[in-house]
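The values are calculated or read from the model by the stated rules, or taken from the named source; none is laboratory data. Computed from a prediction, not measured in an experiment: that's the story for all the values here. Cβ placement follows ideal geometry from the backbone for every residue including glycine, while neighbour counts extend to all protein chains displayed.
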Amino acid sequence: MARSSVGLFGGSFNPPHLGHVLSIAYVLSAELVERVVAVPVFEHALGKNLAPFPERVAMARLAFEWLPRVEVSDIEQRLGTPSRTLSTVRALSALHPDWDLRLIVGSDILGELHQWHAFPEIERRAPPLVLPRPGGTDPDQPGAGARLLPDISSTQVRARLAAWAANSAPEAAAEIAQLIPRSVLAFIRAQGLYGVPAQ
């Protein structure tokens with residue numbers, strides 16, 4: 001059985017933004033893996049308040065649909081809660097024994113990995129691919145210290161969406177359009193997510 005290198009890109013995607021899209025584009029363009037599976041978290045281990053899971057899956061599919069060799073998986077809804085990366089890695093490995101998994105993470109969370117459940121086993125089963133991000137670097141990774149990816153967070157996007165919903169300022173709408181894919185913004189507006197009035 002031929003083996004395939006697959007990047008596991010997990011996240012809340014609450015909502016997915018251009019930093020997420022560019023992360024996957026970078027990993028594929030640099031041929032660090034052959035394909036990527038993006039996995040929205042079902043229930044955050046730290047109890048974070050998230051938009052409904054089906055909506056986050058739909059937004060992730062809209063955000064990544066134009067990228068080749070990318071799949072968005074809803075596997076975490078079939079696993080136990082709260083969602084754990086190790087459970088996801090085990091489940092994907094069982095479903096796809098020919099996959100050599102690599103966990104895609106940003107360098108900004110390297111200081112938090114000791115808080116992850118059973119991270120040494122995750123590291124063994126899906127060795128991390130660390131992407132340089134503002135707020136942290138890994139000197140052992142290619143491009144460490146470079147600003148390869150924009151400084152965008154879903155928290156920042158949600159704050160801009162809330163401000164836009166509160167005052168409908170055109171400049172806020174223009175700013176949001178530079179942070180998230182337009183297809184995702186259209187979905188947010190259609191569904192009335194994050195306080196934005198449904199249209």
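Data for the structure
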| quantity | calculated |
| --- | --- |
| Members of region 28-41 that are in contact with a Phe, Trp or Tyr (Cβ under 9 Å, 6 or more places away or on another chain) and crowded, with 21+ Cβ neighbours inside 10 Å | V36, V37, A38, V39, P40, V41 |
| Region 53-72, subset among the basic types (K, R) and more than 20 Å from P82 (Cβ to Cβ), residue surrounded by the fewest Cβ atoms within 10 Å (Cβ to Cβ) | R69 |
| Residues that are outside any helix (DSSP H, G or I) and either touching a helix residue (DSSP H, G or I) at 6+ places or on another chain (Cβ under 7 Å) or closer than 11 Å to L8 by Cβ (or both), drawn from region 72-83 | V72, S73, D74, L79, G80, S83 |
| Which listed residue is modelled with pLDDT of 95 or more, part of a loop (DSSP other than H, G, I, E, B) and farther than 21 Å from L113 by Cα, from V33, V57 | V33 |
| The listed residue being more than 18 Å from A25 (Cα to Cα) and at pLDDT below 90, out of A186, A159 | A159 |
| Some residue of region 90-99 being under 16 Å from the mean Cα position of the chain (by Cα) and either closer than 22 Å to V21 by Cα or not in a helix (DSSP H, G or I) (or both) | no |
| Checking P132 against (1) surrounded by fewer than 18 Cβ atoms within 10 Å (Cβ to Cβ); (2) closer than 27 Å to E31 by Cβ, the condition it does not meet | (1) |
| Conditions (1) over 18 Å from F64 (Cβ atoms); (2) part of a helix (DSSP H, G or I); number of the one not met by A186 | (1) |
| All positions within region 1-27 that are surrounded by fewer than 16 Cβ atoms within 10 Å (Cβ to Cβ) and in contact with a Phe, Trp or Tyr (Cβ under 9 Å, 6 or more places away or on another chain) | R3, S4, S5 |
| Which listed residue, of L50, L86, L103, is part of a helix (DSSP H, G or I) and surrounded by 15 or more Cβ atoms within 10 Å (Cβ to Cβ) | L86 |
| Region 164-199 - residue that is of a type in the set (G, A, S) and within 17 Å of A60 (Cβ to Cβ) and, of those, farthest from the chain's Cα centre (by Cα) | A190 |
| Scope region 139-156; condition out of contact with any Leu (no Cβ under 6 Å at 6 or more places or on another chain) and either modelled with pLDDT under 70 or among the β-branched types (V, I, T) (or both); matching residues | P139, D140, Q141, P142, G143, A144, G145, A146, R147, L148, T155 |
| Residue in region 112-122 that is modelled with pLDDT of 90 or more, surrounded by 11 or more Cβ atoms within 10 Å (Cβ to Cβ) and among the aliphatic types (A, V, I, L, M) present | yes |
| Pairs, first on the phi > 0 side of the Ramachandran plot and of a type in the set (A, V, I, L, M, F, W, C) in region 102-123, second surrounded by 13 or more Cβ atoms within 10 Å (Cβ to Cβ) and not in a strand (DSSP E or B), C-beta under 6 Å, six or more apart | A118/L86 |
